[in-house]
There are 2 protein chains.
Amino acid sequence: MAAHINRGAWAALLLLFMALPAPASLGEPAEVAAPPALMPAPENLVLGEGRFRVDETLSVGGASIPGDRAFGAAGRFMARLAGRTGLFLEQDFLASQKMTAAASVLYDFERTGKLEPFEDESYSLTVGPAKVRLSAVTDIGLVRGFETLLQLLASDEQGFFFPCVEISDRPRFTWRGLLIDAGRHFQPVEVIKRNLDGMAAVKLNVLHWHLTEDQGFRVESKAFPRLHQLGSDGQFYTQAQIREVIDYAADRGIRVMPEFDIPGHSTSWFVAFPELASAPGPYAIERRFGVAQPAFDPSNEKVYAFLDTFLGEMAGLFPDPYLHIGGDEVEGHHWDANSDIQAFMKRRGLADNRALQAHFNGRLLKILKRHGKKMVGWDEIFQPGLPADIVIQSWRGPAALVESARKGYQGILSNGYYIDLAQPAGAHYLNDPLPEGSPLDEDEKARVLGGEATMWSELVTAETIDSRIWPRTAAIAERFWSPAAVRDVDDMYRRLPLVSLRLEELGLTHIKNQDMMLRRLAGGPDIEPLRVLAQAVEPLKNYQRHSQGLTYTSLAPLTRFVDACAPESLAARDFRIKVEIVLRTGAPETAGELARTMTLWRANHEKVLALAARSPALREIEPLSRGLAVAAAAGLEALDQLARGERASQEWTESRRRELAEAAKPAAHAALAVVEGLGRLIEACASGPDRPVPRRDP
Amino acid sequence: MAAHINRGAWAALLLLFMALPAPASLGEPAEVAAPPALMPAPENLVLGEGRFRVDETLSVGGASIPGDRAFGAAGRFMARLAGRTGLFLEQDFLASQKMTAAASVLYDFERTGKLEPFEDESYSLTVGPAKVRLSAVTDIGLVRGFETLLQLLASDEQGFFFPCVEISDRPRFTWRGLLIDAGRHFQPVEVIKRNLDGMAAVKLNVLHWHLTEDQGFRVESKAFPRLHQLGSDGQFYTQAQIREVIDYAADRGIRVMPEFDIPGHSTSWFVAFPELASAPGPYAIERRFGVAQPAFDPSNEKVYAFLDTFLGEMAGLFPDPYLHIGGDEVEGHHWDANSDIQAFMKRRGLADNRALQAHFNGRLLKILKRHGKKMVGWDEIFQPGLPADIVIQSWRGPAALVESARKGYQGILSNGYYIDLAQPAGAHYLNDPLPEGSPLDEDEKARVLGGEATMWSELVTAETIDSRIWPRTAAIAERFWSPAAVRDVDDMYRRLPLVSLRLEELGLTHIKNQDMMLRRLAGGPDIEPLRVLAQAVEPLKNYQRHSQGLTYTSLAPLTRFVDACAPESLAARDFRIKVEIVLRTGAPETAGELARTMTLWRANHEKVLALAARSPALREIEPLSRGLAVAAAAGLEALDQLARGERASQEWTESRRRELAEAAKPAAHAALAVVEGLGRLIEACASGPDRPVPRRDP
């Protein structure tokens, strides 16, 4: 087979497919008809000659029966292909199966895949001029292969086609997850379903469903119905809905692992059952975020009886072999203050709260074993004395993962994949569960099962969660699936907007909800100035939004301008890159583009002010908008000076630096993302240009 | 109390609320911050002095407990108010109820409302400078009142406010429905839920859920599971989902009436049970649309036993007092061809197929009675001999409704409210279940319960259905709720875009999915030329899309350009009105607007061609786009001639008429909606202007 794909192969692929020039600059937004953007990149890809024409004669056939996974995958493939092309494809094979032998797209597989780690997800895909063959060991491999085939769709003057190609593909890691936190903000079933579709599109295979939190108990318990009745504000999943989601995920080859976070992060449990807690009640659902103190009482035998019943019920509801018990962020102040617990620790020789939690986990482990489940927990559960068949999920960092792998534990990495923190895709992309130069030996490496992107939901609702997950999680998915050598950030960014656009067909709202939110803020349809600003802005990163003078709670609205802004401004990245191009090469067309963009930004403020005058909810963005105008004006001056080949005066430079520093300040819980690029122009002026920048058109 | 609101009162309301000029022209799109747009208009409204400030001190209180309807309505009110304003309102009363006495928005009601016709839905709403009082007899009235209060939200330089006002309100008709056809195209639960929210926002109170069709059997039957297993392609509602929807609707004061369409429109039943049909099987799920021949065999005693069991099961699942049995469009060819049925008819003295169907309905009526349900059916079930406690739903026309009311039957009107046919909102709006000059006496009028908008789903999917329902159904909702005298079409169109925008907060996709679909067609984010064209275009109306050379089936993609176009182009209406203003008054600003719009249209074609060159799915729209450019060029010439005060030459006129006729031709299953306005300009040139049109700016 061919070598791993690389950037050269991608460029060849592009040139072969499209009667279009190859992209001229890095990170160029997808303004042209989409060339095939495979993400995750397959393990092996060999380009062939010719094109398989996608027209109304296309048909699909294979050995499967209605209701099974392969049949469903073929059906969704046809519906999505018809949807993208507008072609009236023959889809009635769903009922008649009449075209199996003559079908132009033929699939086959050997057996039904199991939903557990290390299952075979490989597939091979051969596109010839008249026939497409998709083969896999399991039907899960088929699901993966159909997604690749859809990503291959391209077009030319004759119409749609698949390029002739041979692909053999399989994942690098067996555990490729997305955590969705339905505890802090409830996420209705349709949110979960559309994100399962998104996950399948980029070959993720574990939905880690964080179901209980201080802020909400989100699953129906028939054993203890007061748990969800009192602990959820009525926002919980019925068991019928849970089963619906599990089936939906299984159809797409995705495991559903539930998390019940104990002994901390558990306030919502104690609203109904204060007697299980370490401090006296009563308890109310927590509305604030952060580390809350309520925790289960590990010295109380009734706690284990209760958890035995509850986890037994959940073990029956969730078929996954793993069950996540959380275990993170237990400070133990309530343990310290409880004399019964202190006496218990002394009696048992438990030296500190860590030892007490290890004792608790040891009891839980027995309970889970009895119910046939393997235990997963966060870093904190990693304690001497626990058996080696537990899985450690590392949120603290790669060192913790290395340590646990060396001690014989399986692990998954989440540190570096915290998509709630508004970091750029590129940063997540280069974060590797098994980085080059890992100190682990082969056996130890095998214990690193993969990783999970974590969508913590302090600051997301059903309206905004998709835009925090997508498209950045597609880059993380490539890290988990593709060969380690696939790590060209620029090429990832080339493909990302195309992948993002294709995710929309699954009902994901990551693009379309921005305009909707801006319309609501503006109170009308005229939102162009807000879009211009939103594309230049990013939400504050990490945990900075929590220290801006407003206390977010689980009931606070997440409908402000900052919530409409994407976590990463691809426009800002594009601008930065164009600035570098101009400074390095003096490309006149690019300089003209920069000038047009900055002129737009400079003129935008007046329009934003007009909107804000009529809309009180917009008034907080005035500093951001003014900052953009001022900084853009400075950038235009810089570009002019560079075009004249002049070095800027010190006075001018100092003054512009102050303006940029002012423009860079947070406002409305957001900040301008384009200041860096503009700053580069100012600094280039300050030091004098290496070469002249061409004069831009007025 | 005050007189009914009228246009004068609306204008006063506007002037009072806003520091803005009253709208200058009819039908102007909502480019300004939304003035209160109450829809449906309340029965009585008296303006007061002052403004109730909406800020973070606002709180809600009333006598209700978590989980009940009033509590839920108050909670949704607060969440939506916070969402629109971005204010961190105190919402924790949901758990604590601590603010009841001191709350600034106080609600009260006397009793829990019943979900049945003639329940009290009235409310009174008093907004004072410091206190809002909402009172109702039932909690359903409260739900209605909270929607009115939300619609009152306005803003000024100080921030958000409710204007001081006294409203007393109640519905004109007790049956205000929306039919959603989940048979021809399945509509997932989230589609139903978000549309229930939309219904509640405009005070509709009956979801008529069309659950079985030739193309699909959409409800889980535990008695006969093969019905949904074989009849639905896996696309059906589980009983748990049905209950979830019923609860969701009940929270919003909305009844859910199921329809099981028999004896015709029933092919999907016979896939599993061919022995119940009138012709021998086997049967397959129907993919085509139209009137199919399969029908239940009314002579077969097993049919009644089967239906007794099935309808008994459904009667237990759906709590509504009414059950709809369809009954429409039975041609009876299979009855004619079945000798057993012919013998049965002879034996029973049933003269024709109408009599045979009446016999069938009579048997059904007994079954429904036994299960405690009242029967509803389409016009065709209206037959001598049926008792007077059935309800006739008229799809054929007002004459049928009059006839049945005179004969003692209750009726609801759907003729004139077929929102699937892409008719303008104004046409539906003026269609009245009890029009002025109705020949009915008071007793007969009382039998006209109301009406239903019908969303038949031949040509809609979950992706497009919202845009076919909204915003036009809001105008129909006003017809059903507001006093008969509220029928100012221009004022309805003034409010409609504002109402439409506010519906987005409920998750409805009627606005945002257009861009998404255009991005998919373009294969990229640059869709402005497609938006320009889409706003000038409407889908072909009535049943014309079925005769354009492509056969639509239930599996055909509905993702083409026509599907992205709204059923009614408000831009085209706006253009027509501006043309009339210019021709009547010569308003120079308006002439300038027309010129700019036509210049945009004329220049748009080249950009569309560039997109279509890269996107095969767009090539079919080339004639529409060219037509728009040619017609706009003609319009610009006409405007110039009018400005010169010249009468056009006959040659010019003939030539332009031919161009417009060409441009008006359907293409891509759509047609230009702006040809009428452009044609008026041409014709004004042909006859010579009444007065000079001012010269436009270049």
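Since every read-out is calculated from the coordinates, none of them should be taken as a lab result. Just so it is clear, the structure is predicted and the values come from calculations on it, not from any experiment. All Cβ positions, glycine included, derive from the backbone under ideal geometry; neighbour counts span all protein chains shown.
Within the range B:523-547, the set of residues being within 12 Å of another protein chain (Cβ to nearest Cβ) and either in contact with a Gly (Cβ under 7 Å, 6 or more places away or on another chain) or surrounded by fewer than 24 Cβ atoms within 10 Å (Cβ to Cβ) (or both) comprises B:GLY524, B:PRO525, B:ASP526, B:ILE527, B:GLU528, B:ARG531, B:GLN535. Filtered by the rule that a residue be farther than 15 Å from B:ARG288 by Cβ and either of a type in the set (D, E, K, R) or assigned to a helix (DSSP H, G or I) (or both), the range B:255-270 gives B:ARG255, B:GLU259, B:ASP261, B:TRP269, B:PHE270. In the range A:66-83, the qualifying residues are those that are under 14 Å from A:ASP108 (Cα atoms) and small (Gly, Ala, Ser), and the one that is surrounded by the most Cβ atoms within 10 Å (Cβ to Cβ) is A:ALA73. Of all residues in the range A:338-360, those that are free of Cβ contacts under 8 Å to residues at least 24 places away in the same chain have Cβ atoms under 6 Å from Cβ atoms of residues that are not in a helix (DSSP H, G or I), 6 or more apart or on another chain, in A:ASN353/A:GLY332. Of the residues that sit in the range A:549-579 and are among the β-branched types (Val, Ile, Thr) and closer than 30 Å to A:GLY234 by Cβ, which one is nearest to the other protein chains (Cβ to nearest Cβ)? Checking each candidate, the answer is A:THR559. Would you please name the residue that is surrounded by the fewest Cβ atoms within 10 Å (Cβ to Cβ), looking only at residues in the range B:183-205 that are assigned to a helix (DSSP H, G or I) and among the β-branched types (Val, Ile, Thr)? If we take residues in the range B:183-205 being assigned to a helix (DSSP H, G or I) and among the β-branched types (Val, Ile, Thr), then B:VAL189 is surrounded by the fewest Cβ atoms within 10 Å (Cβ to Cβ). Applying a threshold of 7 Å to beta carbon distances and a minimum spacing of six or more residues, or different chains, the list of pairs starting in the range A:168-190 at a residue that is closer than 18 Å to A:GLU213 by Cβ and ending at one that is acidic (Asp, Glu) and part of a loop (DSSP other than H, G, I, E, B) reads A:ARG184/A:GLU458. Within the range B:246-305, being of a type in the set (A, V, I, L, M) and out of contact with any helix residue (DSSP H, G or I) (no Cβ under 9 Å at 6 or more places or on another chain) holds for B:MET257, B:VAL291, B:ALA305.
In the range B:229-250, is there at least one residue being in contact (Cβ under 8 Å) with a residue 24 or more places away in the chain, assigned to a loop (DSSP other than H, G, I, E, B) and farther than 30 Å from B:GLN357 by Cβ? Checking the range B:229-250: not a single residue is in contact (Cβ under 8 Å) with a residue 24 or more places away in the chain, assigned to a loop (DSSP other than H, G, I, E, B) and farther than 30 Å from B:GLN357 by Cβ. So A:SER268 fits all but one of (1) touching a Gly at 6+ places or on another chain (Cβ under 7 Å); (2) among the hydroxyl-bearing types (Ser, Thr, Tyr); (3) farther than 16 Å from A:PHE217 by Cβ; what number is the exception? Of (1) touching a Gly at 6+ places or on another chain (Cβ under 7 Å); (2) among the hydroxyl-bearing types (Ser, Thr, Tyr); (3) farther than 16 Å from A:PHE217 by Cβ, only one is false for A:SER268: (3). Do we have any residue at all in the range A:669-684 that's in contact (Cβ under 8 Å) with a residue 24 or more places away in the chain and within 14 Å of chain B (Cβ to nearest Cβ)? Yes, the range A:669-684 contains at least one residue that is in contact (Cβ under 8 Å) with a residue 24 or more places away in the chain and within 14 Å of chain B (Cβ to nearest Cβ). Count of the range B:549-572 residues, restricted to those that are in contact with a Pro (Cβ under 8 Å, 6 or more places away or on another chain), assigned to a helix (DSSP H, G or I) and crowded, with 23+ Cβ neighbours inside 10 Å, is 2.
So that you can scan it fast, the table gives a plain yes or no per residue for (1) in contact with a helix residue (DSSP H, G or I) (Cβ under 8 Å, 6 or more places away or on another chain); (2) more than 26 Å from B:TRP378 (Cβ to Cβ):
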{"residue": "B:ALA446", "(1), (2)": "no, no"}
{"residue": "B:LEU449", "(1), (2)": "no, no"}
{"residue": "B:GLU458", "(1), (2)": "yes, no"}
{"residue": "B:TRP470", "(1), (2)": "yes, no"}
{"residue": "B:ALA474", "(1), (2)": "yes, no"}
{"residue": "B:PRO483", "(1), (2)": "no, yes"}
{"residue": "B:VAL489", "(1), (2)": "yes, yes"}
{"residue": "B:LEU501", "(1), (2)": "yes, yes"}
{"residue": "B:LEU506", "(1), (2)": "yes, yes"}
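When A:ARG396 is tested against (1) touching a residue at least 24 places away in the same chain (Cβ under 8 Å); (2) closer than 26 Å to A:HIS546 by Cα, only condition (1) is not met. Could you check the range B:98-152 and list, in sequence order, the residues that are farther than 30 Å from B:PHE318 by Cα, aliphatic (A, V, I, L, M) and buried (at least 17 other Cβ atoms within 10 Å of the Cβ)? Correct list: B:ALA103, B:VAL105, B:LEU106, B:LEU125, B:VAL127, B:VAL132, B:LEU134, B:LEU149, B:LEU150, B:LEU152. Condition check for B:TYR429 on (1) touching a helix residue (DSSP H, G or I) at 6+ places or on another chain (Cβ under 8 Å); (2) in a loop (DSSP other than H, G, I, E, B): one failure, at (2). Reported count of residues in the range B:134-161, each being among the charged types (D, E, K, R) and in contact with an Asp or Glu (Cβ under 8 Å, 6 or more places away or on another chain), is 2.
For residues that are touching a His at 6+ places or on another chain (Cβ under 6 Å) and assigned to a loop (DSSP other than H, G, I, E, B), scanning just the range B:206-220, find the one that is nearest to B:THR238 (Cα to Cα).
Going through the range B:206-220, the residues touching a His at 6+ places or on another chain (Cβ under 6 Å) turn out to be B:213-214, B:217, B:220.
With the extra rule that they be assigned to a loop (DSSP other than H, G, I, E, B), the set shrinks to B:214, B:220.
Numbers: B:ASP214: 19, B:GLU220: 5 Å.
If we take residues in the range B:206-220 being touching a His at 6+ places or on another chain (Cβ under 6 Å) and assigned to a loop (DSSP other than H, G, I, E, B), then B:GLU220 is nearest to B:THR238 (Cα to Cα).
So for the range A:274-283 (the condition being of a type in the set (A, V, I, L, M, F, W, C) and either surrounded by fewer than 23 Cβ atoms within 10 Å (Cβ to Cβ) or assigned to a helix (DSSP H, G or I) (or both)), does at least one residue qualify? Yes, there is a match, as at least one residue in the range A:274-283 is of a type in the set (A, V, I, L, M, F, W, C) and either surrounded by fewer than 23 Cβ atoms within 10 Å (Cβ to Cβ) or assigned to a helix (DSSP H, G or I) (or both).
In the set (1) of a type outside the set (Ser, Thr, Tyr); (2) within 14 Å of chain A (Cβ to nearest Cβ); (3) surrounded by 21 or more Cβ atoms within 10 Å (Cβ to Cβ), B:ALA613 fails one condition alone, (3).
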